[in-house]
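Notes follow the structure.
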Amino acid sequence: MLDYSDVFALEPFALGAQDKNRLYGAWLDRLGAHHRHFCAPYARLCATLGNRPALPVRLFKYVDLRSVASHDVARTMTSSGTSGQQVSRIYLDKDTSARQSKALTRIVSSFIGKKRLPLLIIDSSAVFKDRAMFSARGAGIRGFSLLGRDTCYALDADMKVDMAAVLAFAKKYRGQPTLLFGFTFMIWQHFYLALRQADVKLDLQGFLIHGGGWKKLTNIAVSNSDFKQALSAQTGITHVFDYYGMVEQTGSIFMECEQGHLHASVFSDVDILDPLTLEPGATGRGCICTTSLLPTSYPGHILLTEDEGEILGQDTCPCGRLGKYFKVYGRMPGAEIRGCSDTYVAG
Amino acid sequence: MSSVGFQGDNLADVQVLAGTLDIDNSPLAPYADCTLAFLADVSQRLLKGQTARQFPDIAAFAYWCRAAHLKELKGRFLASEYASGRLGRGLALHIAPANIPVNFAFSFVFAALAGNANIVRVPSRDFAQIELICAAVAESLKQYSEMARRLAFVRYPATAPATAEFSAHADARLLWGGDATIARIGALATPPRCVDIHFADRYSVALLDGAAITTARERDLQKLAQGFYNDTYLMDQNACSSPHMLFWLNASKSAQQRFWDAVRTEAAGLYRLQPQMVMDKYVQVCSDIIAEVGTVKVGFDSLLTVVDVSELPRDLCGLRGIGGYFYQATLTHLNQLAPLISDRYQSLLYYGLDPRFLQQWVIDHRLRGIDRIVELGKALDIDIIWDGYDLVTELSRIVDAR
C-alpha cells in the first residue's frame, strides 16, 4: 500500500516548482508501478506508449480500468455524459474514496477556512437514488457535504426551489458565514432565475462554490463575471468560486482563486499538450492534461481531457498560492468531419 | 404519359430543393438524348465558375457527367445485349448516404441514365455541395423542360412519413445507409414489381505487393501515396470503399516503411488535422493496445497511425480507422485472405498485382464478398457498376420481342 503521509503533511498551496517536480517525479513513478502491477490493461498501455501515458478520459467509457479486485470496489462513479452515450465507470475503493474526501477538504479549506459551515446544496437530494452507482453530480454533492454541516437541499425532486427550506436556512444562519454548493448551470437555471422571478433576495453571507462547466451558460451568453454579479446580488454572497474538476479525478479539484485563476494544489498538476500532436510543452492554448496523486483503485492519475486551456503561470499568482494556475476555455473545438461519424455509414 | 402527384400531410416536412413532386413517371429509354443533354448542361454549369475548383468532389461529379463521357458510356451500353429493347422502370426513389456529400447526385444520375424519373432524398446535413448541385440542376431544368417533371431533390427528416409515401409509388429504390436504416426503409410497402437496390454498410481492404513498392520509382511511389490519400484521408476514411486494412504480399519491413513514409509526407502536406480527430485516434490507439489488436509496439502519430495486427480475427470488419488510422497484416500467400472474406467486403484495392488475376481468384474461391477490384487511388471513383450491380441494367426493364 502506498503511504500518502508525506503528501498530506504538506500545505495544499505552499509547494514551489522545484519541490513539486521532485515530489511528482517520485510519486508518478510509484503510482505508475502500482497501477502496472494491479491493472493489466494499464501495463499494456505503458509497455507501448511509455511509462507515463495520459489516459484519454473517454477511455473509461470503453474499457473497465481497475487496480483493485472487484470485491474491493466500494463505489462505482459514472460520468453524466451526453445522453444516449456510454458512461464512464470509475471504480473507487475505500482508501481512494477517503483520500479524495480528505484532499477536497484540504483544498477547499484554503478558501473558506477550516470550520465546517452550514451548507446549502443547490440541488435535489433525489440525486442519490442508487447508492452504489454514483453520478458525477452525486459525487460532487457527497464530497462537499462532508465539508459542511446542517445540510439543506435548495431544490425539490422536480428541481423547483424549495422556498420554505431556503428561507428557513437563510433566517437561521443570518449574519453567519455559510457555504453554498452546486453545479454552475443548475444554480443559474433552477436557483438564480427562480429566485429572481419570485423576486426573492436572500441575505446570506459566506461562500458559493460551483463547478461543472460553462458550456450551457456560454451558449446563453452568461460569463463568469455575470454569474458572480448576479448570484451576489440575489443571495448576498460575495465570495463566489468556480472550480474545474472531473469525476475521473474526484477530490483533487482546481479551485478558482480571488484573482479568477484556477489553481493546481499539492494533490494535482496541470499541463497543456499540443492538440495536434499531443506532445507536452505546448505554449498558449492547448489540450488540458491533469495529474492527480489520489487514485490507487483505478489508473486515472494522468488524464488527457477534451478541454482547451492555457497555463497562466506557476508560483506567481498574486493570491499567494503556489503551483500552476490556468484558465479553461471549454471543450476543444469539435471536428468538422468530412464524410461523417454519423450512424449512417455508406458508400 | 403517366404521372403521380405527391401531396398531403405525409409530405408536410418535405422541402423541395429542385424539381417538382408532380412527377411524370413514364419511362424513357436508357441514355435518351434529352437525358444526356440535360446532364451535360448541369455538368457545364458546375465546371464553369469557382464551384468545381473549390470542391474536388463536385468537380469529379461534373467531370463524370460531361457530354463526352456520357456519349462514351452510351456507346458502350448500345454495344451490349438487349440495349435497344430497354426502358426505364418508371419512378426511382433514392435515400442517399448521409455521410458523402455528392453521392446523392451520382445515385440520381445512374437512375436517370437508365430512363427513370427520380425522387432523391439528400443528406440532412447541409453540405455546401448539395446546395450548389441543386442550384445548377434547377437552372438547367429551366432550359430542359422535358426534364422538368422528371425529378425532385428533397430534404426531410429521416423519420418523416414521406419515405413511406414515396415508396408506395416507387418502381425502383436505391437505399444507401447503415444496416438499420436499410432494414427500416426496406420494410416499407412498395408496389409488387418495385426493384430495391441496397447499398449497405460495406468494408474494404487493400492488397499491396511489397516487392512492387520496393522497386517503384520515387515518382510512382509519390503518385501512389497521393492516390492512397484520396482513397482514405480525403473523406476521413468514412466511405465504404475506403480501405481500413492493408494486406501485404511479398512484404518486407523496408517496403512497408517506404510506403507509409510516402503516405505520411502526402498527408502532412494536405490533411487538415483537427484536435477532435487527434483525440479520437488517441482513444482508438489506447483501446487497440488494451485489446491487444496490435502485435508490435504501436507508435502513436497523430497524422498517421498504423497498427500491425497480431492475429487476424475471423471477422475483420470491426477494424476501422478514421482520419489516418490503419491496420496492416502480412500474408505469406494470397489464399490466407480467402477465409476472411465475407459478404461485407466491397472493394479490394490493389497495387502491383494483376486485377484479372485477382478477379479470377475471387471467382475460383467462390467468395461471398468483394465485388470491386480497383487500383489503389481509385477507391472513391463511383460508377455505374457499383456494389456488384450494373445500375443502368438493374434500373431498366427489357422489352423482349422475338
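Each value in this text was obtained by applying a stated rule to the coordinates, not by laboratory testing. It should be emphasised that the depicted structure is a prediction, and the values quoted were computed from it without experimental measurement. Quick reminder, even Gly has a Cβ in these numbers, built from the backbone with ideal geometry, and neighbours come from all protein chains shown.
For the pair B:D13 and A:K172, label points projected 7 Å from Cα toward Cβ lie 5.1 nm apart. With R₀ set to 60 Å, the beta-carbon distance separating B:K142 from A:K114 gives a calculated FRET efficiency near 0.15.
A Förster radius of 30 Å, combined with the Cβ-Cβ distance separating B:T20 from B:K48, puts the computed FRET efficiency at roughly 0.70. Spacing of the modelled spin labels on A:L10 and B:S3, each 7 Å from Cα toward Cβ, amounts to 8.1 nm.
Equivalent ellipsoid semi-axes for the stretch A:1-76, as square roots of 5 times the alpha carbon gyration tensor eigenvalues: give them largest first, rounded to whole Å. Let's see the in-between values first.
Values: eigenvalues 130, 55, 30 Å².
Gyration-tensor ellipsoid for the stretch A:1-76: 25, 17, 12 Å.
Sorted largest first, the spans of the alpha carbon positions of chain B along the three principal axes are 66, 52, 42 Å.
Electrostatic tally near A:Q314: other residues with Cβ closer than 14 Å to its Cβ, Lys and Arg +1, Asp and Glu -1, net -1.
The dipole here belongs to chain A: it is taken about the Cα centre, uses +1 on the Cβ of Lys and Arg and -1 on the Cβ of Asp and Glu, and is about 720 debye. Cα-based radius of gyration for chain A, normalised by 2.2 N^0.38 Å, reads 1.00. Ordering B:85-98, B:196-209, B:157-170 by mean Cβ neighbour count within 10 Å, with the highest value first, yields B:85-98, B:196-209, B:157-170. If you wrap the Cα atoms of the protein assembly as shown in a convex hull and average its projected area over all directions, you get 38.3 nm². Sorted on the mean count of surrounding Cβ atoms within 10 Å across their residues, most packed first, peptides B:36-46, B:220-230 read B:36-46, B:220-230.
Averaging sequence separations of C-alpha pairs under 8 Å and six or more residues apart, then dividing by the length of chain A, give the relative contact order as a whole percent.
Numbers: 645 pairs, mean separation 62.8, N = 347.
Computed over chain A, the figure is 18 percent.
Is the stretch B:96-144 rounded, prolate or oblate when judged by the Cα gyration tensor, a ≥ b ≥ c being the square roots of its eigenvalues, rounded requiring a/c under 1.5 and prolate requiring a/b larger than b/c? Cα axes put the stretch B:96-144 in the oblate bin.
What is the average number of partner chain Cβ atoms found within 10 Å of a Cβ in B:283-293? Mind dumping the intermediate values first?
Working: counts 10, 3, 5, 14, 6, 1, 8, 12, 4, 2, 0.
Mean partner-chain Cβ count within 10 Å for B:283-293: 6.
Rounded to the nearest 0.05, what FRET efficiency do A:S145 and A:R52 give with R0 = 45 Å and r taken as the Cβ-Cβ distance? Could you check? Spell out each step's value before the answer.
Details: r = 34 Å, r/R0 = 0.75.
About 0.85, to the nearest 0.05.
Take the alpha carbon gyration tensor of the stretch B:1-95, find the square roots of its eigenvalues, order them as a ≥ b ≥ c, and report rounded if a/c is under 1.5; if not, report prolate when a/b exceeds b/c, else oblate. Cα axes put the stretch B:1-95 in the oblate bin. In a GNM of chain A with a 10 Å cut-off on Cα contacts, which of A:I141, A:I107, A:I220 has the highest mean-square fluctuation? Taking springs between Cα atoms under 10 Å, the residue moving most is A:I220.
Looking only at other chains, what is the average number of their beta-carbon atoms within 10 angstrom of each beta-carbon in A:237-250? The partial results should precede the final answer.
Numbers: counts 0, 0, 0, 0, 0, 0, 0, 0, 0, 0, 0, 0, 0, 0.
If you average over the peptide's residues, the count of other-chain Cβ atoms is 0.
Mean partner shielding of peptide A:55-63, defined as the number of other chain Cβ atoms within 10 Å of each residue Cβ, is 4. Sorting the segments A:265-277, A:142-154 by their residues' average number of neighbouring beta-carbon atoms within 10 angstrom, most packed first, yields A:265-277, A:142-154.
Give the shape of the stretch B:286-402 as rounded, prolate or oblate, defined through the alpha-carbon gyration tensor: a ≥ b ≥ c are the square roots of its eigenvalues, a/c under 1.5 means rounded, and otherwise the shape is prolate if a/b is larger than b/c and oblate if not. In terms of gyration-tensor shape, prolate.
In whole percent, what relative contact order does the stretch B:3-201 give with Cα contacts below 8 Å and a gap of six or more residues?
Dividing the mean separation by the residue count of the stretch B:3-201 yields 28 percent.
Greater than 18 Å separation of Cα atoms is the criterion. Which listed pairs, A:K201/A:K228; A:K160/A:K201; A:K172/A:K201; B:K71/B:K378, meet it? With Cα atoms farther than 18 Å apart: B:K71/B:K378.
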